[in-house]
Amino acid sequence: MFQIWYESERVVLLTEAVTHPPVRSMIIISKYLPWSISIKKYSAIRCKDVVEAVYNTLQEKISASEFWIASPEKRKIMQAVNERETDNSRSKRKYITTRIKGREIERLDTPLRVDFLDQMTLFKGLYHDPKMISERLAHDPESIEDAWVLSLGFSPDEDA
């Protein structure tokens with residue numbers, strides 16, 4: 001597999017360390033997401049590790065508590081994105097049948113964490129924002145040193 005990733009005008013191998021000097025622990029936060037992503041390894045964290053951690057975290061189902069901390073507008077967006085993906089023939093999301101009080105009710109499967117993003121799904125890299133990091137991780141000051149902010153951009157819908 002040809003493993004390159006374009007960052008600005010520089011070609012970065014996915015097997016390269018994500019930082020210089022290399023780190024073995026990283027916390028990733030985003031202004032678009034209510035949770036953080038932690039990466040801990042015995043060796044240097046590579047670009048591939050970051051991409052995989054972000055992707056895998058965003059593919060998890062949204063818990064009830066995560067869903068309800070979102071604003072009503074954000075919940076509507078997440079439900080609309082989930083419904084759009086469920087109706088997409090290429091998507092793995094399908095309607096599921098639930099039995100409630102003896103009646104079968106067809107409903108959408110639980111939205112995924114990626115649905116928080118709507119179309120903000122273009123990975124642009126990581127950066128430092130000391131103010132945002134200290135505000136988001138005030139409850140865990142030991143993690144501040146390992147924290148990075150996930151930069152995302154608008155990605156137009158392929159089907160539009």
| message | What FRET efficiency comes out for residue 110 versus residue 134 if R0 is 45 angstrom and r is the Cβ-Cβ distance? Round to the nearest 0.05. | response | 0.85
| note | Once Lys and Arg are counted +1 and Asp and Glu -1 for all other residues with Cβ under 15 Å from that of residue 68, the total becomes +2
| query | Can you pick out the pairs among 61/124; 76/131; 61/131; 41/76; 31/76 whose Cα atoms lie more than 26 Å from each other? | reply | 76/131; 61/131; 41/76
| R0 = 35 Å: FRET efficiency of residue 42 with residue 144, Cβ-based, nearest 0.05? | 0.95
| remark: Each label sits 7 Å from Cα toward the beta-carbon; between residue 56 and residue 80 the label points are separated, in nm, by 3.3 nm
| field | Table column - 3J(HN,Hα) (Hz), segment 20-25, Karplus curve with 6.51, -1.76, 1.60, x for Gly and Pro | value | 10, x, x, 10, 10, 9
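Where a number appears in this text, it was derived from the coordinates with a stated rule and is not lab data. Predicted model only: the values in this text are computed from it and were never measured. Virtual Cβ from ideal backbone geometry, glycine too; neighbours counted across all protein chains shown.
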